[in-house]
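Visitor: Mind having a look at this structure? Questions to follow.
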Ligand code: WTA
């Protein structure tokens, strides 16, 4: 690694601001290098020091990290601090309240979808609410090791219930509240959850979503499949339907099943606010979070207690250079990994004050983000490139109405950020004073793996820069050969770090096949990557059959399966096409049965089908009628060609393996120019 800019003084490089360096945890590049070197050369000692900050009912002894990444040997596994006993919830709440005397400190400023709806929650209040919920879950029959599905909007009860699970040793499986009933059902069945926590409904912007109705449909679906494991459904009454009185309540007409459903108010509010935590092994499961899989069926990514605690805590502290007077805001939803790691666990482990935001960036006005930053004096702000690109469209005027001088560090996550959006974020939002930390990571990595540190790393717009402590990235070519120096290829990791996933829930074979089989000895991310002359990493995007729409991963196979369920569809193929706000969007080719016409009605039906099967995030942008799909002589769909057609690229590359070249001509002549 060399100091960036030395070799090419023309390159656009942003140096860390002096004022940040004065009291930063990692104040300069040399300190980063020293710590990084230690984390790689003496990992046992490095992580033992980190572990000392936390409470252990039984302290770690023996080896910190044990693993096998080589799929050709017996079974891939990762174990961190096995044998030590602790509790996640105790470490992120009781430890702050009892040992660090942070009970009166604000844990969350909750800001609802409608301005004016808000709540301040201190660490001791949070602890009490979590204990009540933990006791209520126990009353409902939840025991250590049981799985609890949580399908809630961004309300405090989401944090209470996930931490309540962590407290009693239950495994939470949070399902983003934008997913459809079938997606929810599939996840409930895969993890065999005993309890579902949901809400009556929620407003996203002005749109009313009847979550209880969707939950009922999901449970009905499980019953139809002969796999109804959920015995109790705990239902939160959403604040919006209390405040607005009976009118909205009637509109919701919360469907109720007296055998199974219980109101949160009735069992949680009356429960005791004390609950002794369950002491768990470091390697006991903490949660399952589903992520799209290239076969179409989502994978239950499994994380365990101690490694995830240490890793989310340390990355949060260093990547956002967290200090006790900070107000931190991550705009993600807890239904995704970013929310798990950097709204709940990482910030709480550091005793941070966070904003917990339920709404959307453009409701009730396009300056909502900037208004909230001003209101709470947010100093560290973390959002997604898609949100930045969306807000960029409205220009600088909405920003100028608000005081953003409290900001110190800006972060981005979820997809590659284009330099134009990076520069706008840096200039218009950060007024050129705030480093932009472009954090690359995955549901599977648990926390940031490639990222700048705000006071130590010189920045290049569009690059996730350098590895975090304990992380050893490599770039391989198609043959699995490691490339040195400037190179482009597959991004893989040579060694585990504490926060890496431990498995695919209930499916060791899929775990090994997905992440370790292609290049034995390495964890394969599925992303392409380039390393420049300074050793900086640039993520070039997915190189498997995954799409990244607004920072959400989708598999082409799952969208194709949804389209193919429509009775008019004979075959479907889905590819990505660049989109100015979403990053990528879905371009679908459908071959219709009986030469049917792709009219407006059918187009709408197809879109609805995808929304029902997966959720609104997967709604196709383009649907093109394909009388036939381009295939190889062995019958494989040539997605590369379809991608080029969707992108309107003139050069379609090598077409010699194509069975019938006429197919391509027809598709080219009927390309969709405008979105469906
Ligand atoms: C992509 C989200 C470029 C990448 C935390 C990865 C990124 C996938 C970045 C994981 C980034 C995430 N730059 N690409 N900073 N962050 N990605 O599991 O393709 O929802 O593999 O985790 O998002 O998405 P996931």
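Values in this text are rule-based calculations from the coordinates and carry no lab data. Because the structure is predicted, anything quoted here is derived from the model rather than measured. Ideal geometry is used to build each Cβ from the backbone, glycine not excepted, and the neighbour counts take in all protein chains shown.
Visitor: D for the stretch 273-422, whole µm²/s, Stokes-Einstein with Kirkwood Rh over alpha-carbon pairs at 10 °C and 1.306 mPa s: what number? Working shown, then result.
Guide: Details: Rh = 17.1 Å.
For these conditions, the coefficient is 93 µm²/s.
Visitor: On the Cα set of the stretch 294-379, report Rg and Dmax in Å, please.
Guide: 15.0, 46
Visitor: Per residue, how much space in cubic angstrom lies within the convex hull of the C-alpha atoms of the stretch 107-183?
Guide: Dividing the Cα hull volume of the stretch 107-183 by its residue count gives 95 Å³.
Visitor: I've got another one for you. Can you bin every Cα-Cα distance in the stretch 435-475 into 10 Å intervals starting at zero and give me the percent of pairs per bin, rounded to whole numbers?
Guide: All Cα pairs considered, the percentages come to 32, 54, 14.
Visitor: For the stretch 346-484, what D do you get in µm² per second when you plug the Kirkwood radius from alpha-carbon pairs into Stokes-Einstein at 4 °C and 1.567 mPa s? Present the calculation step by step, with values, prior to reporting the outcome.
Guide: Working: Rh = 16.4 Å.
D = 79 µm²/s.
Visitor: Per residue Cα convex hull volume for the stretch 362-433, in cubic angstrom?
Guide: Numbers: hull volume 5.8 nm³, N = 72.
It is 81 Å³ per residue.
Visitor: For the stretch 554-613 and the stretch 407-448, compute the distance between their C-alpha centroids and round to whole Å.
Guide: Cα centroid to Cα centroid, the span is 32 Å.
Visitor: With all distinct Cα pairs included, what does the Kirkwood hydrodynamic radius of the stretch 60-190 come out to in Å, to one decimal, could you say? Write down the numbers at each step before the final one.
Guide: Numbers: mean 1/r = 0.0578 Å⁻¹.
With all distinct Cα pairs of the stretch 60-190 included, I get 17.3 Å.
Visitor: Take every Cα-Cα distance within the stretch 216-305, group them into 10 Å bins from 0 onward, and report for each bin the whole-number percent of pairs it holds.
Guide: 12, 24, 35, 25, 4
Visitor: Measure out, as a whole number of angstrom, how far apart the alpha-carbon centroids of the stretch 288-366 and the stretch 144-162 sit.
Guide: One Cα centre to the other: 14 Å.
Visitor: Please state, rounded to one decimal and in Å, the Kirkwood hydrodynamic radius that the stretch 537-642 gives when every pair of distinct Cα atoms enters the mean of 1/r.
Guide: On the way: mean 1/r = 0.0703 Å⁻¹.
About 14.2 Å for the stretch 537-642.
Visitor: Same structure, new question: Restricting the calculation to Cα positions, tell me the Rg (one decimal) and the Dmax (whole number) of the stretch 449-524 in Å.
Guide: In Å, with Rg to one decimal and Dmax whole: 14.3, 42.
Visitor: Now a separate question. Using Cα pairs under 8 angstrom and six or more residues apart, how large is the relative contact order of the stretch 125-283, in percent? Mind dumping the intermediate values first?
Guide: Working: 255 pairs, mean separation 45.0, N = 159.
Result for the stretch 125-283 is 28 percent.
Visitor: Can you pull the Kirkwood radius for the stretch 276-335, inverse mean 1/r over Cα pairs, to one decimal in Å? Walk me through the numbers before you get to the answer.
Guide: On the way: mean 1/r = 0.0700 Å⁻¹.
It is 14.3 Å.
Visitor: Using Cα pairs under 8 angstrom and six or more residues apart, how large is the relative contact order of the chain, in percent? Show your work: numbers first, answer last.
Guide: Working: 1436 pairs, mean separation 93.1, N = 676.
Dividing the mean separation by the residue count of the chain yields 14 percent.
Visitor: Roughly how compact is the stretch 582-664, stated as its Cα Rg over 2.2 N^0.38 Å to two decimals?
Guide: Details: Rg = 14.2 Å, N = 83, 2.2 N^0.38 = 11.8 Å.
That ratio works out to 1.20.
Visitor: Between residue 472 and residue 31, how high is the FRET efficiency from 1/(1 + (r/R0)^6) when r is the Cβ-Cβ distance and R₀ = 22 Å? Nearest 0.05.
Guide: It comes out at approximately 0.70.
Visitor: Any chance you could list P(r) for the stretch 301-343, counting all Cα-Cα pairs in 5 angstrom bins from zero, rounded to whole %?
Guide: Percent of Cα pairs in each bin: 5, 19, 27, 27, 16, 4, 1.
Visitor: Distance in nm between label sites at residue 660 and residue 488, each 7 Å beyond Cα in the beta-carbon direction?
Guide: 3.5 nm
Visitor: Quick one: go through the stretch 555-571 and flag any residue whose amide nitrogen is under 12 Å from the point 7 Å out along the Cα-to-Cβ line of residue 597.
Guide: No residues fall inside that zone.
Visitor: Need one number: the % of Cα-Cα pairs in the stretch 471-512 sitting beyond the 12 Å mark. Before the final figure, lay out the partial values.
Guide: Numbers: 576 of 861 pairs.
Tail of P(r) above 12 Å: 67 percent of Cα pairs.
Visitor: Compute the FRET efficiency between residue 119 and residue 263 as 1/(1 + (r/R0)^6), taking r as their Cβ-Cβ distance and R0 = 22 Å, and round to the nearest 0.05. Could the numbers behind the result be given before it?
Guide: On the way: r = 19 Å, r/R0 = 0.87.
Once rounded, the FRET efficiency stands at 0.70.
Visitor: Only bridges with both residues in the chain count here: give the DSSP antiparallel percent, nearest 5. Could you put the intermediate results ahead of the total?
Guide: Working: 61 of 101 bridges.
The antiparallel fraction comes to roughly 60 percent.
Visitor: Same structure, new question: Could you give the length gained by full extension between residue 295 and residue 481, i.e. 0.36 nm per residue of separation minus their alpha carbon distance, to one decimal place? The partial results should precede the final answer.
Guide: On the way: separation 186, 0.36 × 186 = 66.96 nm, distance 2.63 nm.
Full extension from residue 295 to residue 481 adds 64.3 nm.
Visitor: Given Cα pairs under 8 Å that are at least 6 residues apart, what percent is the relative contact order of the stretch 433-525?
Guide: On the way: 135 pairs, mean separation 19.7, N = 93.
Once divided by the residue count of the stretch 433-525, the mean separation gives 21 percent.
Visitor: Compute from the Cα atoms of the stretch 83-148 the Rg and the Dmax, the latter being the longest Cα-Cα distance, and quote both in angstrom.
Guide: 14.6, 48
Visitor: Return the FRET efficiency for the residue pair residue 74, residue 220: r is the Cβ-Cβ distance, R0 is 35 Å, and the value is rounded to the nearest 0.05.
Guide: Values: r = 43 Å, r/R0 = 1.22.
That pair, residue 74 with residue 220, gives E of 0.25.
Visitor: How would you rank 533, 297, going from fewest to most other Cβ atoms within 10 Å of each one's own Cβ?
Guide: Details: 533 13, 297 17.
Ascending Cβ contact count within 10 Å gives the list 533, 297.
Visitor: Calculate the translational D of the chain in whole µm² s⁻¹ from Stokes-Einstein, where the hydrodynamic radius comes from the Kirkwood formula applied to all Cα pairs, the temperature is 10 °C and the viscosity 1.306 mPa s. Don't skip to the answer; put the middle values down first.
Guide: On the way: Rh = 26.0 Å.
Diffusion coefficient, whole number: 61 µm²/s.
Visitor: Could you put 325, 544, 190, 70 in order, starting from the residue whose Cβ has the fewest other Cβ atoms within 10 Å?
Guide: Details: 325 7, 544 16, 190 21, 70 13.
Listing 325, 544, 190, 70 from fewest to most nearby Cβ atoms yields 325, 70, 544, 190.
Visitor: With labels modelled as points extended 7 Å from the Cα through the Cβ direction, what inter-label distance (nm, one decimal) is found for residue 402 paired with residue 674?
Guide: Here the answer is 3.4 nm between the modelled labels.
Visitor: For the stretch 53-125, build the convex hull from the C-alpha positions and give me its volume per residue in Å³. Write down the numbers at each step before the final one.
Guide: Values: hull volume 10.1 nm³, N = 73.
Value for the stretch 53-125: 138 Å³ per residue.
Visitor: Something else about it: So for the pair residue 394, residue 431, with labels modelled 7 Å out along Cα→Cβ, what separation do we get in nm?
Guide: Distance between the two pseudo-spin positions: 2.0 nm.
Visitor: If you don't mind, another one. If you rank 566, 600 by fewest surrounding Cβ atoms within 10 Å, what's the result?
Guide: Lowest count first: 600, 566.
Visitor: A further question on this structure: In whole Å, how far is the Cα centre of the stretch 453-532 from that of the stretch 204-240?
Guide: Distance between centres, Cα-based: 37 Å.
Visitor: Along each of its three principal axes, how wide is the spread of alpha-carbon positions in the stretch 136-222, in whole angstrom units, largest first?
Guide: 38, 28, 18
Visitor: Next question, about the same structure. Can you give me the orientation-averaged projected area of the convex hull built on the Cα atoms of the stretch 480-614, in nm²? Mind dumping the intermediate values first?
Guide: Numbers: hull surface 45.9 nm².
Mean projected area of the Cα convex hull: 11.5 nm².
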